[in-house]
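Let me begin by presenting the structure, written as structure tokens, before commenting on it.
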Amino acid sequence: MRRGPSGEDSGRSPSRPDGVSREAGARRRSRSVLHASWWRGRFRDLAVWLRAVHARVETRFPVITGLVDRMVSVNIFDSATRIAAQCFLTAVPLLFVLGAYAPEAVQKQVTASISAVFGLTGQAKDQVEQAFQPPTDDLRQATGLVGLLMVLLSATAVSRAVQRLCRRAWLLPRAGAKAAPWRWLAWIALWLGALVVQGLLHNGFGLGEWLGFAIVLVMQGGMWWWTQHLLLGGAVRWPPLLPGAVITAVAVSGLSATAHFYMPRALNRALADYGSAGSVFVLLSWLIVVCVAIAIGLSAGAVLSQEPFLKRHLGTPTSPL
């Protein structure tokens, strides 16, 4: 047998057997996982990898990264939940006010509009019609002029929430959108007027639902176009606001069409199983979905209008102010 210069057997490996070395390595790794330094290192590596991926995607698909960044800055779900809650808290007192002071023809038209928008049938439709029964003197006295003014003032909370959403979508500072109270009241008046005529528009003035959908789509686009310009106080010109109005109108109109298949069944089932509390949950959930679509539409429109192609055609300035 040949030996090396040191007298050791040259055919024997000085290293440990493979099984022993693997077991020792596994023990070292298991011990390192229990240390906070190991996790900090892994999180640092993950953060570096995410930044590198973001940079590559931003270079290849700037529109997608711009949309994602804008959604994060707007805080979509938080803004949508606040607007939905404000809408619901405002809608209930407004129903009492309309039931107490609105003419009978207006009450009937509002009932028809709500039923047409949600496609209500059965018990849910009966509940809406019951809310607009001819008012009594006790109801008028309980509401009163002071109550009417308080309802209108509290309704401006919805206007202010939508204004904050528009301002965040366009990355405007607080001073960038004029907070004139008449703008909030004008926005409420516009949407109340739209609620009254919804029943006529949804069936296309008796000519068919397809024509009604087209009319509602155009009306929604015009209203969200005007909403942005009004609540932003003219800080952004009309043309750059158009993409957001179109996207929001398509999203809201699409959800309104699907409401005919979901809302009647959901409301009737909730009323049968849980009473009025169940209908509150269903309506609030639906409002949150609609407000999320609005927040995404307005934010996406603000980002797209600043892309090179639309920016050149719409005349969007680098800084909206």
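From the list 32, 79, 21, which residue is closer than 30 Å to residue 152 by Cβ and either modelled with pLDDT of 70 or more or in a helix (DSSP H, G or I) (or both)?
Values: 32 fails: closer than 30 Å to residue 152 by Cβ; 21 fails: closer than 30 Å to residue 152 by Cβ.
Just one listed residue meets the conditions, 79.
Taken over the range 255-276, the criterion of being polar (S, T, N, Q) and loosely packed, with under 15 Cβ neighbours inside 10 Å is satisfied by 258, 276. Of all residues in the range 239-275, those that are small (Gly, Ala, Ser), farther than 26 Å from residue 76 by Cα and in contact (Cβ under 8 Å) with a residue 24 or more places away in the chain total 1.
Residue count for the range 215-248 satisfying the condition of being touching a Ser or Thr at 6+ places or on another chain (Cβ under 9 Å), farther than 14 Å from residue 169 by Cα and among the small types (Gly, Ala, Ser): 1. Screening residue 91 against (1) surrounded by 19 or more Cβ atoms within 10 Å (Cβ to Cβ); (2) small (Gly, Ala, Ser); (3) within 22 Å of residue 158 (Cβ to Cβ) leaves a single unmet condition, (1). Among the candidates 274, 262, the residue that is among the hydroxyl-bearing types (Ser, Thr, Tyr), in the same structural domain as residue 71 (by TED's automatic domain parsing) and over 18 Å from residue 119 (Cα atoms) is uniquely 274. Residue 316 meets each of the listed conditions (1) surrounded by fewer than 16 Cβ atoms within 10 Å (Cβ to Cβ); (2) on the phi < 0 side of the Ramachandran plot; (3) not in a helix (DSSP H, G or I) apart from (1). Among the residues here, residue 126 does not qualify as more than 18 Å from residue 88 (Cα to Cα), part of a helix (DSSP H, G or I) and modelled with pLDDT under 80.
Here the range 224-268 is the region considered, the condition is being at pLDDT 90 or above and aromatic (Phe, Trp, Tyr), and the residue that is nearest to residue 314 (Cα to Cα) is 238. In the range 168-176, is there at least one residue being part of a helix (DSSP H, G or I), under 22 Å from residue 298 (Cβ atoms), modelled with pLDDT of 75 or more and in the same structural domain as residue 291 (by TED's automatic domain parsing)? Checking the range 168-176: at least one residue is part of a helix (DSSP H, G or I), under 22 Å from residue 298 (Cβ atoms), modelled with pLDDT of 75 or more and in the same structural domain as residue 291 (by TED's automatic domain parsing). As a summary of the residue check, residue 236 satisfies the conditions (1) assigned to a helix (DSSP H, G or I); (2) among the aliphatic types (A, V, I, L, M); (3) touching a residue at least 24 places away in the same chain (Cβ under 8 Å) except for the one numbered (1).
With the structure loaded, tell me whether residue 294 is out of contact with any strand residue (DSSP E or B) (no Cβ under 9 Å at 6 or more places or on another chain), among the hydrophobic types (A, V, I, L, M, F, W, C), closer than 18 Å to residue 85 by Cβ and assigned to a helix (DSSP H, G or I) or whether it fails that test. Yes.
Identify, from the list 279, 305, 299, the residue that is more than 17 Å from the chain's Cα centre (by Cα), surrounded by 18 or more Cβ atoms within 10 Å (Cβ to Cβ), hydroxyl-bearing (Ser, Thr, Tyr) and at pLDDT 90 or above. Of 279, 305, 299, the one residue that is more than 17 Å from the chain's Cα centre (by Cα), surrounded by 18 or more Cβ atoms within 10 Å (Cβ to Cβ), hydroxyl-bearing (Ser, Thr, Tyr) and at pLDDT 90 or above is 305.
The values are calculated or read from the model by the stated rules, or taken from the named source; none is laboratory data. The model shown is predicted, which means the values in this text are computed figures rather than measured ones. Methodologically, a virtual Cβ is constructed for each residue, glycine included, from the backbone with ideal geometry; neighbour enumeration extends over all protein chains shown.
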